[in-house]
Structure formats: C-alpha cells, structure tokens
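Colleague: First, the structure itself, so that you have it in front of you.
The values are calculated or read from the model by the stated rules, or taken from the named source; none is laboratory data. Just so you know, these numbers come straight off a predicted model, no measurement behind them. We place every Cβ from the backbone using ideal geometry, glycine too, and count neighbours over all the protein chains shown. Areas reflect the complete protein model, heavy atoms only, side chains present, ligands, DNA and RNA absent. Shrake-Rupley method; radii C 1.70, N 1.55, O 1.52, S 1.80 Å.
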Amino acid sequence: MASWDQSVDLLVVGSGAAAMAAGVRGKDLGLDVLLVEKSEVYGGNSAMSGGVCWVGNNPGMRARGVPDSDEEVLAYLQHITRGEVPAEMLVTYRDESKRMLAYLADKTHLRFEPLEKYTDYYPEAPGGKPGGRSMEPLPFDGALLGADLAKLRRPAASALILGKFMITARIAQRMIILNATAILLMAWLFLRYLLRAPARRRCGGRDPYLTNGNALIGRLRLSLQDRGVPLWLDAPLVELVIEGGRVTGAVVEREGKALRIEAR
C-alpha cells in the first residue's frame, strides 16, 4: 500500500475543454476533484482553438429553422468514418452529445449557439448539412474570472484582429467578403475595443472580451470556480502509480516537490 501526500476521488490531468468538463461533472456527482496542469497557464490547445463543437440535430438548429434528424446524423457519421467506428459508438456520440449540451446549458456557464452557415466538412456526403451542426460558445466577459484571467492561455495570434482582439466565427464569416458592410463592421468592432480600455486596465492590459476557444475555456473555468474545484498550474504528471495491475494515483511535481496523489 502506497503512502500518499494527498487523496482525491478524481484526478484530472490537463486543463483543456475535456479535462474541465470532466472536473465539472465529477464535482456534480459528489466527487472530490483535482485538476493538474503542466503549463503555467490553463486551457491547453482548447484555448487556442476555434472552440467549435459538432452536435447533430441539436435544439438550436430547430430554433433557427435548420432541418435535421437523428437518422441523417447517423448516416453522415457512418459515411465519413468508413466503417472504422462501430455503429453503437456513433449512436452513443449522437445521443450523448445532445445530452451534454443540455447539461452544460442547465448546470454551467457554458452556452453554445449553432452556426447556420458553418458547413459540415463533407456536406455532399449522405446526411451532410450546409450548416447548423457546428456550434460556437457565446462570447464571454473574462473579467468575471478575476485573477484567473491572466492565467488563461492566450488565443493563437492568427485569431486576433490587428493583433488586438477576438471576434466570433459568425462575425468572421460576414467579413470574408471585404465590402463596405465588412469595413463598417470592422470599424465598429475596433471602436468597441477602444471603449474597453478601462476594462483592459482593470484586467492588467488583457482584453476581457473572449470568443472562440478562450470563451469555451473561460466559461468552463468559471464553472469550476463556482464549485471550488482546485486547478494546480506548473504541476506536471511525472508518473502513474500502479498497484495490483491498476492505476491508483500519480506522482505530480509541484513547487519542486514530487507529490503522490491518490485517485480513489
């Protein structure tokens, strides 16, 4: 029997969207949860991404008049996976992804909206759609994170307009064609950025208007804050602890010390 420096029910390694969602759900199930992240900032690749998730036949599609069905979703998934994924797993993804959306909308700060003109990767495939299944997180006020905003991994430089601020995928789509409307929209967005100068000063110079992956992670981080779930930064996993053929915990490095964390 190993000796432990700390013991939790659920040890989550990483701080991307999947890790944070696991932490939220674990806490809601009554578990004692700890997240550990090797970097000095949290969010991983998720924070640098577009933050888009793909959920077929989601309720937002119906609200926007975009038709879809579970049968079409399954046909599409079966076609693009070419038989490499068992049908029951595809059905599970189709059904549970909608359940996940409903849970997050009801229990957390995370909200998604469908993008009617964000096409499936293969819209010409059986069951493919020209839009609606891809969903992006709603913009988020990073100031709500308090000091944790400074520790949120910054978006990819390519995602910033003029190297200064983010925009949503919906707005980006409207600006693809550089016409008079797009120029006026850009001017309006830049004016809003300038008007956020006081907020940026309060946030240590960082623009608190978050979209894409930063909004995804920011909303999940606030949900973890609400639940009092700890997140250790600069805490890489060194090795897994294996007893009797099963993983019972991990060795995590923190502040120069190797800590043995039990994961019950």
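Colleague: Given R₀ = 45 Å, what would the calculated FRET efficiency be for residue 81 paired with residue 201, taking r from the Cβ atoms and rounding to 0.05? Spell out each step's value before the answer.
Modeller: Values: r = 49 Å, r/R0 = 1.10.
Once rounded, the FRET efficiency stands at 0.35.
Colleague: Work out which helices of the chain, taken as complete DSSP H runs, extend at least 20 Å along their axis over the Cα atoms and score a mean Kyte-Doolittle of 0.0 or more, then list them.
Modeller: Working: long enough: 87-107 (30 Å, -0.48); 180-195 (23 Å, 1.87); 212-227 (23 Å, -0.48).
Qualifying helices: 180-195.
Colleague: Could you pull out every residue, at least 5 positions away or on a different chain, whose amide H is within less than 5 Å of the one on residue 238? Hs are placed 1.01 Å off N in the peptide plane, and Pro or chain starts have none.
Modeller: 251, 252, 253
Colleague: Using label points projected 7 Å from each Cα along Cα→Cβ, tell me how many nm separate residue 125 and residue 96, to one decimal.
Modeller: According to this spin-label approximation, the distance is 2.0 nm.
Colleague: Continuing with this model, one more query. Among DSSP beta bridges whose residues both lie in the chain, state the antiparallel percentage, nearest 5.
Modeller: Rounded to the nearest five, the antiparallel share is 65 percent.
Colleague: If you roll a 1.4 angstrom probe over the protein chains with everything in place, what fraction of the accessible area of segment 1-105 belongs to carbon and sulfur, to the nearest %? Don't skip to the end; give the middle numbers.
Modeller: Working: 2990 of 5420 Å².
In segment 1-105, the share of accessible area belonging to carbon and sulfur is 55 percent.
Colleague: So, one more: To the nearest 0.05, how large is the calculated FRET efficiency for residue 243 and residue 138 if R₀ is 51 Å and r is the Cβ-Cβ distance? Don't jump to the answer; show the numbers that get you there.
Modeller: Numbers: r = 44 Å, r/R0 = 0.87.
That pair, residue 243 with residue 138, gives E of 0.70.
Colleague: Leaving out same-chain residues fewer than 8 places away, which aspartates and glutamates sit with a Cα under 12 Å from that of residue 129?
Modeller: Output for residue 129: 68, 72, 116, 120.
Colleague: Starting from the Cα of residue 38, draw a straight line to each of the lysines and keep only those under 23 Å, dropping any in the same chain fewer than 8 residues away.
Modeller: 27, 151, 257
Colleague: Return a whole-number percent for the relative contact order of the chain, with Cα pairs under 8 Å and 6 or more residues apart as the contact set. Walk me through the intermediate numbers first.
Modeller: Details: 466 pairs, mean separation 78.9, N = 264.
Reported relative contact order: 30 percent.
Colleague: Over the chain, with the other protein chains present, what is the accessible area per residue in square angstrom, probe 1.4 angstrom?
Modeller: Values: 13890 Å² over 264 residues.
For the chain, the solvent-accessible area averages 53 Å² per residue.
Colleague: If I take every Cα pair under 8 Å that is 6 or more residues apart in segment 111-155, average their sequence separation and divide by the length, what percent do I get for the relative contact order?
Modeller: On the way: 50 pairs, mean separation 16.0, N = 45.
Contact order relative to length: 36 percent.
Colleague: Moving to a separate point now. Compute the FRET efficiency between residue 39 and residue 117 as 1/(1 + (r/R0)^6), taking r as their Cβ-Cβ distance and R0 = 41 Å, and round to the nearest 0.05. Don't skip to the answer; put the middle values down first.
Modeller: Details: r = 35 Å, r/R0 = 0.84.
My answer for the efficiency is 0.75.
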